[in-house]
Amino acid sequence: MDPRTLDEWFVGEVLPLEAALMRFLRRNWRSEADIVDLRQEVYARVCEAAQAAQPINTKAFVFTTARNLLIDRMRHARVVPLEVAVDLDGWGAADEVTPDRHVTARDELRRLQAGLDQLPARCREVVVLRKIEGLSQREVAARMGIREDTVERQTAHGMRALADFMLGGPGRIRRAVAASKRGVAP
């Protein structure tokens, strides 16, 4: 896209989305001081991508770009607050925040917390460190004084139990019974 066409497209289709974009960024980012910089980064990414090809659905493109930017920033920070992870799921309707969506998101967060509370203490700590705080297996193992393979097993058990709980099951950890304990020859 030539520079003049890009400028016209940006002014005509992207800038009118600014108010909704700012609401989306404020709702999904914890630091108000970063919001203006995030908006500028979204604009820069949108313009850079549009130089190659103009997006068909500008609104979806802008909000997908914003969502991806926030995800990139959270990955770099290595800490993902639970509230942010839940709010990002609703990115498609950024300017249509309804009381029902807010209540549903809070209920899901409470349900996730209830599922975490049901896990055994060590398993819960591993899941929180790995999946919420974003630590590596090695970092979790070092912090907790356990082996990396234990971190891997506890993460798998905990995530399966959480998924079961979130889908309406009891959320209990189910460990495979070793063949020798069942009386089956190896």
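The values are calculated or read from the model by the stated rules, or taken from the named source; none is laboratory data. Quick caveat, the model's predicted, so the values are computed rather than measured. Here the Cβ is made from the backbone with ideal geometry for all residues, glycine too, and neighbour counts use every protein chain on show.
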For P120, are the conditions met, namely being on the phi < 0 side of the Ramachandran plot and modelled with pLDDT of 90 or more? yes
Taking the stretch 157-179 and keeping only residues that are under 13 Å from A114 (Cα atoms), at pLDDT 85 or above and either touching a Ser or Thr at 6+ places or on another chain (Cβ under 9 Å) or basic (K, R) (or both), one is left with none
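Would you call A19 among the hydrophobic types (A, V, I, L, M, F, W, C) and either closer than 22 Å to A105 by Cβ or in contact (Cβ under 8 Å) with a residue 60 or more places away in the chain (or both)? Walk me through it before giving the result.
Values: among the hydrophobic types (A, V, I, L, M, F, W, C): yes; either closer than 22 Å to A105 by Cβ or in contact (Cβ under 8 Å) with a residue 60 or more places away in the chain (or both): yes.
Yes, satisfied.
Return a yes/no flag: does the stretch 139-156 have any residue that is modelled with pLDDT under 85 and not assigned by TED's automatic domain parsing to the domain that holds R23. Give the derivation first.
Keep residues of the stretch 139-156 that are modelled with pLDDT under 85, which gives none.
Looking through the stretch 139-156, none of the residues is modelled with pLDDT under 85 and not assigned by TED's automatic domain parsing to the domain that holds R23.
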When restricted to G134, G145, G115, G171, the only residue surrounded by 13 or more Cβ atoms within 10 Å (Cβ to Cβ) and within 26 Å of H76 (Cα to Cα) is G134
Which of the residues belonging to the stretch 138-160 are more than 19 Å from the chain's Cα centre (by Cα), over 12 Å from E125 (Cα atoms) and assigned to a helix (DSSP H, G or I)? R138, E139, A142, E148, D149, T150, E152, R153, H157
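Given V42, V14, which one is under 30 Å from G134 (Cα atoms) and in contact (Cβ under 8 Å) with a residue 24 or more places away in the chain? Steps first, answer last, please.
Details: V14 fails: under 30 Å from G134 (Cα atoms).
Of the residues listed, the single one that is under 30 Å from G134 (Cα atoms) and in contact (Cβ under 8 Å) with a residue 24 or more places away in the chain is V42.
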Any idea which of (1) over 22 Å from M74 (Cβ atoms); (2) surrounded by 12 or more Cβ atoms within 10 Å (Cβ to Cβ) is the one I35 doesn't satisfy? (1)
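For the stretch 110-137, what are the residues that are assigned to a loop (DSSP other than H, G, I, E, B) and within 19 Å of R174 (Cα to Cα)?
First pass over the stretch 110-137, keeping only residues assigned to a loop (DSSP other than H, G, I, E, B): 119-120, 133-136.
Within the stretch 110-137, L119, P120 meet the criteria.
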